[in-house]
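Below is one structure, written out as structure tokens, with a few remarks after it.
The values are calculated or read from the model by the stated rules, or taken from the named source; none is laboratory data. Small disclaimer: the values here were computed from a predicted structure and weren't measured. Please note: Cβ atoms are built from the backbone with ideal geometry, for glycine as well, and neighbour counts cover all protein chains shown. Remember, those area values only see protein heavy atoms, side chains included, never the ligands or the DNA or RNA. Shrake-Rupley method; radii C 1.70, N 1.55, O 1.52, S 1.80 Å.
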Amino acid sequence: MEQDRIWELFAQQLGGELTAADKNELHELQERYPQTRETISLLARFWEREIKGSPSAEASFMHHLQRMKQPSPRITSLEAFLKKETPYKKSQLFSFSLLTNLVRQWFGTRFSLR
């Protein structure tokens with residue numbers, strides 16, 4: 001139980017929510033269980049370098065939303081694909097149709113949807 005408490009306190013420390021009393025408790029528990037010191041030290045260094053050194057989750061999410069608003073040259077609508085004249089259009093449509101039918105059959109027999 002005390003070792004579980006070490007990890008709870010350590011998580012609070014990483015989140016910046018550790019009070020002075022909790023900090024003392026964590027230090028005392030580390031004294032009782034010295035084998036946890038090295039692991040906590042390694043995890044703390046990793047947290048500082050990888051997590052805090054990277055952009056915030058909110059900034060990353062906002063960047064992702066901005067990218068989604070921009071049209072992608074690789075993704076086209078079905079109408080644009082059908083209007084586009086290519087020598088392989090019929091074979092591509094046939095392959096897609098065949099693939100979807102195979103998937104339907106597999107799921108139908110696999111999970112008895114019929």
### Task
Within segment 46-89, work out how many residues are outside any loop (DSSP other than H, G, I, E, B) and either at pLDDT 65 or above or open to solvent by less than 100 Å² (accessible area, probe 1.4 Å) (or both).
24
### Message
Of everything in segment 28-45, what is surrounded by fewer than 10 Cβ atoms within 10 Å (Cβ to Cβ) and more than 16 Å from Ala11 (Cα to Cα)? Give them in sequence order.
### Response
Glu31, Pro34, Gln35
### Task
Give the residue that is least open to solvent (accessible area, probe 1.4 Å), with candidates limited to residues of segment 16-27 that are farther than 15 Å from Ser41 by Cα and not hydrophobic (A, V, I, L, M, F, W, C).
Asp22
